[in-house]
Amino acid sequence: MVSTEKLNKSEKIRRLFDAGLSVSEIATLMGIRYQFAYNVISHHVKAKGQEVVAHDSDRTVHTHGIRVSV
């Protein structure tokens, strides 16, 4: 099945994140700034009622038990 829908950047970021890619991988793949990808994902995760906590020491995002390396 081929989808013909057009996605904006934010929707692509959300779908890639939901598919398991890290913020860093998404930013590199799409050629965008890390901060833009992180902000989109942060809002996306919060909209689902979850919380994003970033740790500078290990550059990891924790989302209610889901650990995503960034």
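Once the other residues with Cβ under 13 Å from the Cβ of LEU16 are scored (Lys, Arg +1; Asp, Glu -1), what is the net sum? It would help to have the intermediate numbers written out before the result.
On the way: positive: LYS9, LYS12, ARG14, ARG15; negative: GLU11, ASP18, GLU25.
For residues surrounding LEU16, the net value is +1.
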Compute the length gained on full extension between GLU11 and GLN50: take 0.36 nm times their separation in residues and subtract their Cα-Cα distance, giving the result in nm to one decimal.
12.2 nm
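A short reminder: the numbers here are calculations on the coordinates, not readings from a lab. Just so we're clear, the structure is a prediction, and the values are computed from it rather than from any experiment. For neighbour counting, all protein chains shown are included, and Cβ atoms are generated from backbone atoms with ideal geometry for every residue, glycine included.
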